[in-house]
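Heads up: the structure comes next, in structure tokens.
The values are calculated or read from the model by the stated rules, or taken from the named source; none is laboratory data. From a predicted model like this one, the values you see are computed outputs, not experimental measurements. All Cβ positions, even for glycine, are placed from backbone atoms using ideal geometry, and neighbour counts span all protein chains on display.
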Amino acid sequence: MSDVILLESKCQGFWECITPDAWVTSLGTLLGALIGALLGAFGAIYATKVQHSKLIDRQNKEKDFEFTKRYNRISFAVNSVIRRINYHINGKMSETFHQSNLNILKVTIEKFDNFPLELITMEKYDSFIKCHSNILDYQALLENKKEGIKEDNEQELLISIRDSLIKEHNYLIEQNK
């Protein structure tokens, strides 16, 4: 006695055999995976942005610190130039003092020329260049005087150079605090 069991398929074809609860489960799984991937991607992007922002801030602080260290070395020379311009304005300048001024200006200009420009931020760049330019103007005035060329409005020019130099130098000092 051999009983044969015949199985009959109730559905014809693969797509017709999927039950509604299987459809819902499959779609829910796909949608959940998509939402999870999107949340993970947005989280990774946000974390990367925050990390990059902190890195940029740290680099800017290091750059500002390095600028401050190096500019403080120049600051003493700039203050000396300002004092010497004041002596010049007040008429307290002798020939030896005149030559000493030129030597100090030469050293100060070298310090400006050797200053690494990559340390200067956009906010400080104009003031730095104006300080350098004012010192070069004063040097040109002294060189002309040494060669016997006298400026018609020397006092006004000296006062203008001094005031501009003080203003820009003070701005750079304030930015370093």
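Any idea which of (1) of a type in the set (D, E, K, R); (2) in a helix (DSSP H, G or I); (3) farther than 30 Å from residue 142 by Cα is the one residue 3 doesn't satisfy?
With respect to (1) of a type in the set (D, E, K, R); (2) in a helix (DSSP H, G or I); (3) farther than 30 Å from residue 142 by Cα, residue 3 is out only on (2).
What are the pairs, 6+ residues apart or on separate chains, where a residue within segment 105-131 that is more than 18 Å from residue 80 (Cα to Cα) has its Cβ under 8 Å from a residue that is modelled with pLDDT under 90 and surrounded by fewer than 13 Cβ atoms within 10 Å (Cβ to Cβ)?
121/60
Any chance segment 36-57 includes a residue that's at pLDDT 85 or above, of a type in the set (D, E, K, R), surrounded by 10 or more Cβ atoms within 10 Å (Cβ to Cβ) and closer than 30 Å to residue 159 by Cα? Quick ask: steps written out before the conclusion?
Residues of segment 36-57 at pLDDT 85 or above: 36-57.
Applying the additional criterion that residues be of a type in the set (D, E, K, R) yields 49, 54, 57.
Filter again for surrounded by 10 or more Cβ atoms within 10 Å (Cβ to Cβ), leaving 49, 54, 57.
Add one more test, that the residue is closer than 30 Å to residue 159 by Cα, and what stays is none.
No, there is no match, as no residue in segment 36-57 is at pLDDT 85 or above, of a type in the set (D, E, K, R), surrounded by 10 or more Cβ atoms within 10 Å (Cβ to Cβ) and closer than 30 Å to residue 159 by Cα.
Name the single residue that is nearest to residue 165 (Cα to Cα) among those in segment 108-152 being surrounded by 12 or more Cβ atoms within 10 Å (Cβ to Cβ) and β-branched (Val, Ile, Thr).
The qualifying residue nearest to residue 165 (Cα to Cα) is 135.
Among the residues of segment 58-74, which ones are under 30 Å from residue 156 (Cα atoms) and surrounded by fewer than 17 Cβ atoms within 10 Å (Cβ to Cβ)? Explain how you work it out, then say what you get.
First pass over segment 58-74, keeping only residues under 30 Å from residue 156 (Cα atoms): 71-74.
Of everything in segment 58-74, those that are under 30 Å from residue 156 (Cα atoms) and surrounded by fewer than 17 Cβ atoms within 10 Å (Cβ to Cβ) turn out to be 72, 73.
When you look at residue 171, is it within 25 Å of residue 87 (Cβ to Cβ) and of a type in the set (Phe, Trp, Tyr), yes or no? Before you say what the answer is, go through the steps one by one.
Numbers: within 25 Å of residue 87 (Cβ to Cβ): yes; of a type in the set (Phe, Trp, Tyr): yes.
Spelling it out, residue 171 is indeed within 25 Å of residue 87 (Cβ to Cβ) and of a type in the set (Phe, Trp, Tyr).
Does any residue of segment 14-21 turn out to be surrounded by 10 or more Cβ atoms within 10 Å (Cβ to Cβ), in contact with a Cys (Cβ under 7 Å, 6 or more places away or on another chain) and part of a helix (DSSP H, G or I)? First the steps, then the outcome.
First, pick out the residues of segment 14-21 that are surrounded by 10 or more Cβ atoms within 10 Å (Cβ to Cβ): 17-18.
Keeping just the survivors that are in contact with a Cys (Cβ under 7 Å, 6 or more places away or on another chain) gives 17.
After this cut, where a residue has to be part of a helix (DSSP H, G or I) as well, the list is 17.
Yes, that holds for at least one residue.
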